[in-house]
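Structure record follows, encoded as structure tokens.
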Amino acid sequence: MINYGNTNKIKKDNMKHIKLFEDWVSEKIKDGVVTCDKCGWHWDIVQGGDDPYACHKCDTDNSPLTEKVILPKNLYIELGSSDAADYADTIIDLIKTAYAHIGGNLEFKNANDIKNGDVTYWILKDIDNEPDPEIALGGKPTKSGTKITVLSQDGSREAKKDVILKMIELMKTRGFYAELDKDLAQKLGLPLIRNEKRVRDVLQKDLEWHNDGSYTRVIGAAGKTKEKVLVGIPN
């Protein structure tokens, strides 16, 4: 499912056409019943035989559309897991570019990590004339809200600036939080959560607390120890 409303507003006319399109796609197959788009004949999908989407009356192919959704320009769009999977190759390329200077991202190595991972909150933005996005942020749902774990962009100056501004906006929004390097948090002007109990309650991880509000803990499957700070407004 595509979320067009949580991040930015799109003109009402565009919303109307998007809604009509999504309704049309979802109504062709409902409650296990396929309805032919051409003649209106309908049948249980389990009784469709080898080709369950082919109409037995007029032979029309009623297979669901699987084409990748086209993102509107200059808007952050939240994608559901299936739509994010359609953009997995693009997202991985953005992640590789953004994290190249530190040797790559520990969690995301290939497109399957996008499709099968526990990062299910994705917002993408297309800021140029090409069809694919130049920015992607990803997060994990937790008991304390959405933990943003991925900031990626195509390396352009515009995309770098845009993703930073979006990160700052999210960290000032209740229900969003992140673990960052202390120097990055300071560069972004984000206040640290300095209450040790609060940090431990949110993270639910073994960590070594430091008096300056930072902590060290093991991160990733490789078991590397990192120094981090917690920012944002977790629930």
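The values are calculated or read from the model by the stated rules, or taken from the named source; none is laboratory data. Every value quoted in this text rests on a predicted model; they were computed, and no experiment measured them. FYI the Cβ positions are ideal-geometry reconstructions off the backbone, even for glycines, and counts take in every protein chain you see.
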Margin query: Residue pairs, Cβ under 7 Å, 6 or more apart or interchain, first in the stretch 97-108 and outside the structural domain of LYS226 (by TED's automatic domain parsing) and in contact (Cβ under 8 Å) with a residue 40 or more places away in the chain, second of a type in the set (A, V, I, L, M, F, W, C) and assigned to a loop (DSSP other than H, G, I, E, B). List them.
Written below: LEU106/ALA222
Next item on the list: Write out, first by first residue and then by second, each pair whose Cβ atoms fall under 8 Å of each other, whose residues are 6+ apart or on separate chains, and whose first residue, in the stretch 57-81, is within 18 Å of VAL119 (Cβ to Cβ) and assigned by TED's automatic domain parsing to the domain that holds ALA136 while the second is at pLDDT below 70 and of a type in the set (D, E, K, R).
Entry: none
Check: Does the stretch 126-139 include one or more residues that are of a type in the set (Asp, Glu), surrounded by 13 or more Cβ atoms within 10 Å (Cβ to Cβ) and touching a Phe, Trp or Tyr at 6+ places or on another chain (Cβ under 6 Å)?
Finding: no
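Report yes if LEU180 is closer than 22 Å to ILE123 by Cα and either surrounded by 15 or more Cβ atoms within 10 Å (Cβ to Cβ) or of a type in the set (A, V, I, L, M, F, W, C) (or both), otherwise no.
On the way: closer than 22 Å to ILE123 by Cα: yes; either surrounded by 15 or more Cβ atoms within 10 Å (Cβ to Cβ) or of a type in the set (A, V, I, L, M, F, W, C) (or both): yes.
Criteria met by LEU180.
Are there helices (runs of 4 or more DSSP H) fully within the stretch 20-122 with at least 2 residues that are at pLDDT 75 or above and among the acidic types (Asp, Glu)? List them. Can you show your working first?
Numbers: elements: 81-86, 88-99, 111-116.
Per the criteria, 81-86, 88-99.
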